[in-house]
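Visitor: Next up is a structure, given as structure tokens.
The values are calculated or read from the model by the stated rules, or taken from the named source; none is laboratory data. None of these values were measured; they are calculated from a predicted model. Please note: Cβ atoms are built from the backbone with ideal geometry, for glycine as well, and neighbour counts cover all protein chains shown.
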Amino acid sequence: NAGVTQTPKFQVLKTGQSMTLQCAQDMNHNSMYWYRQDPGMGLRLIYYSASEGTTDKGEVPNGYNVSRLNKREFSLRLESAAPSQTSVYFCASSESNPRWNSPLHFGNGTRLTVT
Amino acid sequence: SQQGEEDPQALSIQEGENATMNCSYKTSINNLQWYRQNSGRGLVHLILIRSNEREKHSGRLRVTLDTSKKSSSLLITASRAADTASYFCATGFDRGSTLGRLYFGRGTQLTVWP
């Protein structure tokens, strides 16, 4: 049972380039999330999807877009990368609707550097 | 900020000792969760305590919640070198636009020496 799988593990971009971070879960969870983790800042929510077909903004959505492709997959897109988006990105999933704050299952992260 | 704040930022102990980490928050919560993160890995859920609970146990973990003081503590008994990790509290809120979001603190880095 793989849980939450993120690709790629590492990525280096130049300012202005675009890329999509992929995330898939095999636990049949309804909700999926994208967080970023910066030193000294804890984890901050970028976007989440309470169910297939819905997405909502989190704390720091600017500069990002998301797609809930199906129940398993939730992608994060950077259209024009900026150095401020250098971070570690984590995808997570939970069994039930976010309003119930059920435990999150995290992937191992994508380490993104924007030069 | 609605984040929980962990204290201390770093904790260094010997194997066999107990480790206590604290989390404080500012507004009314629905529940509070603790997570562990090993270096270079994702977070792993440890325990969830609801606002109407005062204490929960899971193996060597003991979590308390004091809603009057808006604080929680995580106790790891008989620590092992394998417990070396960062520990985060995450608070879930019960009203308004924050419904459905978990807010994470900055974490406590625990080092357990053999």
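Visitor: Tell me, yes or no, whether region B:42-55 has at least one residue that is touching a Gly at 6+ places or on another chain (Cβ under 8 Å) and facing chain A (nearest Cβ under 10 Å).
Guide: yes
Visitor: Taking only region A:94-114 into account, find how many residues are among the hydroxyl-bearing types (Ser, Thr, Tyr) and modelled with pLDDT of 95 or more.
Guide: 2
Visitor: If you check residue A:78 against the conditions, is it over 16 Å from residue B:102 (Cβ atoms) and touching a residue at least 60 places away in the same chain (Cβ under 8 Å)?
Guide: Yes, satisfied.
Visitor: Test of understanding: among B:73, B:12, which residue is surrounded by fewer than 21 Cβ atoms within 10 Å (Cβ to Cβ), part of a strand (DSSP E or B), within 15 Å of the chain's Cα centre (by Cα) and more than 9 Å from every other protein chain (Cβ to nearest Cβ)?
Guide: B:73
Visitor: In a strand (DSSP E or B) and in contact with a Ser or Thr (Cβ under 6 Å, 6 or more places away or on another chain), is that true of residue B:64?
Guide: yes
Visitor: State whether one or more residues within region A:15-22 are within 14 Å of another protein chain (Cβ to nearest Cβ), modelled with pLDDT of 95 or more, farther than 21 Å from residue B:104 by Cα and crowded, with 19+ Cβ neighbours inside 10 Å.
Guide: Checked against the condition, which is being within 14 Å of another protein chain (Cβ to nearest Cβ), modelled with pLDDT of 95 or more, farther than 21 Å from residue B:104 by Cα and crowded, with 19+ Cβ neighbours inside 10 Å, region A:15-22 yields at least one hit.
Visitor: Every residue in region A:25-47 that is more than 10 Å from the chain's Cα centre (by Cα) and away from chain B (no Cβ under 11 Å), please.
Guide: A:25, A:26, A:27, A:28, A:29, A:30
Visitor: Can you tell me how many residues within region A:89-101 are more than 7 Å from chain B (Cβ to nearest Cβ) and free of Cβ contacts under 8 Å to residues at least 24 places away in the same chain?
Guide: 1
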